[in-house]
Amino acid sequence: MKKTRRKFSATFKAKVAIESIKERCSLAELSKKFEIHPNQISKWKQEFLDNASSVFDNNTEVTEESGPDADKLYAKIGELQLENDFLKKSLKKVSG
């Protein structure tokens, strides 16, 4: 019978890496606790430490670019209000 490969979320990997960085437990204890090979924990820890600086570098750039443009949103709101008013008037003419 073929064994399926386990997939771990980024949150779980970060949790294990942080526990490893704290060094409160040995790798052997962590591997028993999380049911992961000690080499995998070491890889995740090293990857976490290598990419830790990117959290602070990209934070300001992402928030500025990912935010919606306020002018476009206000224009869309105005357009929808005009359509709504037009439809209300049309409904009154038809029903009244």
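Worth pointing out:
- Complete set of residues in region 1-40 that are over 22 Å from N51 (Cα atoms) and aliphatic (A, V, I, L, M): M1, A28
- In this structure, G78 qualifies as at pLDDT 90 or above and open to solvent by less than 90 Å² (accessible area, probe 1.4 Å).
- Where a residue in region 29-48 is part of a helix (DSSP H, G or I) and its partner, wherever it lies, is aliphatic (A, V, I, L, M) and exposed (fewer than 12 other Cβ atoms within 10 Å of the Cβ), with Cβ under 9 Å and at least six apart: P38/A28
- Count of region 2-28 residues which are assigned to a loop (DSSP other than H, G, I, E, B) and on the phi < 0 side of the Ramachandran plot: 11
- Pairs meeting the criteria (first residue in region 16-27 and loosely packed, with under 13 Cβ neighbours inside 10 Å, second residue part of a helix (DSSP H, G or I), beta carbons under 7 Å, at least 6 apart or on different chains) are I21/K45.
The values are calculated or read from the model by the stated rules, or taken from the named source; none is laboratory data. In this text the structure is predicted, and so the values were computed from the model without any measurement. Glycine also receives a Cβ, built like all others from the backbone with ideal geometry; neighbour counts cover every protein chain displayed. Please note that ligands, DNA and RNA were not included when accessible areas were found on the heavy atoms of the full protein model with its side chains. Shrake-Rupley method; radii C 1.70, N 1.55, O 1.52, S 1.80 Å.
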